[in-house]
């Protein structure tokens, strides 16, 4: 086994399955979970604890502070690092897709971006002082591409400004001239966890209760004190509901219900995305997937 990928909705048992497989197959794990990247967001992210990792080397966990932005290029770098480590150590690589959009990008690739000169970075910085005006300007230049970028998305608008000022090309033209290069170059066995909706809902409710019992509210208080509410990480499920609870929007029972409901909605979106975007090697329960992989080694 060189590498394989596991995808499935949140709370479906991906972490335990990945660790069990990694121990059996002598593999390392690359986590594709956008919240697990952050240091200090431990309970809200439901990232595996050191005990739950059971000595298996993990990539993609505890790398950035919560106010640090990242994009898909972060995961491409992480994948290359994890793959190099696995090859040097004679191990396999298990990619676990919590945010499986990033797996899609690893498979499809992204375009190389130009090196931005200090002069053009400054031009972008100046333009960003009026975010709405910058979005309008770029939309007039490249309406099709800019349709996918919200007027409030400062990070992506800055990337487009950088490309435009450095190359003189609108993004549609630039990306047509610089097509994406897949990071994963070999066939990738892809396993998707399937679970009955009612069962998954019960697992989500149980996990939410455990998160609150383990100190979710205190963790969010600490995060708000250190980073405020503006970073994207502070708008994640589990954090945003806890902030509303702290504002008096509902009691602790209401907090649990809100997190569970929003998590279940996320799980449904994840399942829809995974089913529509990936052709899986095997679809089944964590137990069935484990058995199939081990049997067909």
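Structure data summary
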quantity: Failed item in (1) surrounded by 15 or more Cβ atoms within 10 Å (Cβ to Cβ); (2) at pLDDT below 95; (3) outside the structural domain of residue 104 (by TED's automatic domain parsing), with residue 194 passing the rest; calculated: (3)
quantity: Spans of helices (runs of 4 or more DSSP H) in the range 8-114 with at least 1 residues more than 13 Å from the chain's Cα centre (by Cα) and either in contact (Cβ under 8 Å) with a residue 60 or more places away in the chain or crowded, with 19+ Cβ neighbours inside 10 Å (or both); calculated: 14-25, 72-89, 101-108
quantity: Counted residues, the range 165-185 - those being in a helix (DSSP H, G or I) and over 27 Å from the mean Cα position of the chain (by Cα); calculated: 5
quantity: Filter pass, residue 205 being surrounded by fewer than 19 Cβ atoms within 10 Å (Cβ to Cβ) and out of contact with any strand residue (DSSP E or B) (no Cβ under 6 Å at 6 or more places or on another chain); calculated: yes
quantity: Some residue of the range 140-147 being in a helix (DSSP H, G or I), over 27 Å from residue 77 (Cβ atoms) and touching a helix residue (DSSP H, G or I) at 6+ places or on another chain (Cβ under 7 Å); calculated: yes
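The values are calculated or read from the model by the stated rules, or taken from the named source; none is laboratory data. Given the structure is predicted, the values throughout are model-derived calculations rather than measurements. Cβ coordinates were reconstructed from backbone atoms using ideal geometry, including for glycine residues, and neighbour counts include every protein chain displayed.
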